[in-house]
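Remarks on the structure that follows.
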Amino acid sequence: MDGTNLDIDILRTLVTAQRLGGFNRAAQRVGRSQSAVSQQIRRLEEQLGKPMFRKQGRGLVPTEAGDVILTYARRILDLNDEAVAAARGIAVGGTVRFGLQTDLTENWLPKALARAKNAHPEIQVEVSADRYAVLIDRLDRGQLDLALLFGRTRRSDGQRITALPMAWIGRRKPGLVLERGQPVPLALCSAPCYFREAAIDALNEAGVPWQIAFSSLSVHGVWAAVDAGLGITLRTATSVPRQLTTIKPRPRLPRLPKVDLFLHDGGREPSKAVSRFKETLLETLREHLQLAP
């Protein structure tokens with residue numbers, strides 16, 4: 001062992017540059033100039049004696065050594081962040097009742113819950129996945145502390161996180177053939193549903209005929225119907241199950257707007273446990289969606 005100590009700040013910049021696709025974007029995210037970021041990477045390369053990136057076209061891609069360091073860097077940063085959060089969260093206990101729409105359970109939720117558990121082991125988290133109307137009702141009744149929801153809102157208790165792209169979604173292979181002159185078959189959640197209304201409004205505005213081929217109270221029921229080839233659906237592009245795929249806009253499938261994502265707290269003063277969990281939740285969500293802090 002030569003006693004070389006890797007710099008946490010440099011590792012964070014390295015991971016950020018790789019995730020955002022360049023030093024310029026990484027510099028903006030970490031609050032440094034591009035030359036300062038480049039100097040950080042050169043310092044790391046000097047420490048290790050190997051280049052971290054190589055040119056590919058107009059961009060940069062990690063070298064073999066760069067891939068190795070990136071893998072370890074992510075693990076080091078996770079442990080660092082968990083240690084800091086755990087130290088700050090000492091003696092914070094209690095229960096957090098957290099609700100979210102089923103779409104949001106597909107990808108990032110396990111990581112968010114694992115991070116929250118590691119950072120605040122004394123906090124018990126109860127998760128409920130359901131439809132918008134059900135979650136809002138439970139939030140207003142005081143049965144939930146936080147609710148992460150899609151859609152338009154005029155509620156004063158909603159913190160807007162970001163706007164996510166919506167997409168037409170179909171099965172991978174064989175893809176559903178949309179016959180000219182035939183109505184577009186739709187697999188949608190039962191009303192009331194924001195995505196149901198968005199799909200119908202988009203097709204009506206484009207003058208495209210449609211029919212409801214499948215309707216379900218459950219998003220998982222919709223995914224199954226799409227996978228079976230009964231129709232296509234509309235949800236966010238970030239919540240597509242692996243067996244399905246987004247469909248590029250075409251004459252019969254118009255382009256779609258974005259949908260807002262809000263975190264609601266019911267307008268109540270949060271407990272310390274809720275505040276700690278909310279911090280961890282937002283941090284993980286920003287990483288997953290690559291949002292600026």
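Values in this text are rule-based calculations from the coordinates and carry no lab data. None of the values given here were measured: they were computed from a predicted structure. Cβ sites come from the backbone with ideal geometry, for glycine too, and all protein chains shown count toward neighbours.
Placing a label point 7 Å from the Cα of Ser190 along the Cα-to-Cβ direction, the residues of region 215-236 whose backbone N falls under 11 Å of that point are 215-218. Dipole of the chain computed with +1 at Lys/Arg Cβ and -1 at Asp/Glu Cβ about the Cα centre; of Thr284, Leu44, Asn24, farthest Cα towards the positive end is Asn24. A run of the chain free of exposed loop cleavage sites, with trypsin sites (Lys or Arg not before Pro) counted only in DSSP states other than H, G, I, E and B and at most 14 other beta carbons within 10 Å, reaches its longest extent at 59-140. In this structure, Arg160 and Gln211 have a Cβ-Cβ separation that, at R0 = 35 Å, corresponds to a calculated FRET efficiency of about 0.55. Sites listed here are chymotrypsin sites (Phe, Trp or Tyr not before Pro) in region 133-201 whose DSSP assignment is loop and whose Cβ has at most 11 other Cβ atoms within 10 Å, and the list is empty.
Before anything else, pin down the relative contact order of region 164-258: Cα pairs under 8 Å, at least 6 apart, normalised by residue count, whole percent.
Details: 167 pairs, mean separation 45.3, N = 95.
Rounded, it is 48 percent for region 164-258.
Normalised by the number of residues in region 38-80, the average gap of Cα pairs under 8 Å and 6 or more apart makes the relative contact order 24 percent. Can you tell me the 0 to 90 degree angle between the C-alpha axis of helix 8-20 and the longest principal axis of the chain, rounded to 10? Roughly 30 degrees between the two axes. Extending 7 Å from Cα along the Cβ direction at Arg54 and again at Ala83 yields two label points whose distance is 3.4 nm. Between Ser275 and Thr105, the C-beta separation translates, for a Förster distance of 22 Å, into a calculated FRET efficiency of about 0.45.
Using a Cα distance threshold of under 23 Å, what count of lysine pairs results for the chain when pairs must be 8 or more residues apart or interchain? Provide the component values of the computation, followed by the final result.
Working: Lys111/Lys272; Lys111/Lys278; Lys117/Lys272; Lys117/Lys278; Lys173/Lys248; Lys248/Lys258.
So the count of such lysine pairs works out to 6.
Magnitude of the charge dipole for region 164-258, about its Cα centre and with charges confined to Cβ atoms of Lys, Arg (+1) and Asp, Glu (-1), is about 420 debye. Calculated [222 nm] ellipticity per residue, helices only, for the chain: -13000 deg cm²/dmol; basis is -39500 (n - 2.57) per DSSP H run with n ≥ 4, divided by all residues, nearest 500. In the chain, the sites counted are GluC sites (Glu not before Pro) in DSSP loop states with at most 14 other Cβ atoms within 10 Å, and the longest stretch holding none of them, exclusive of the sites, is 1-121.
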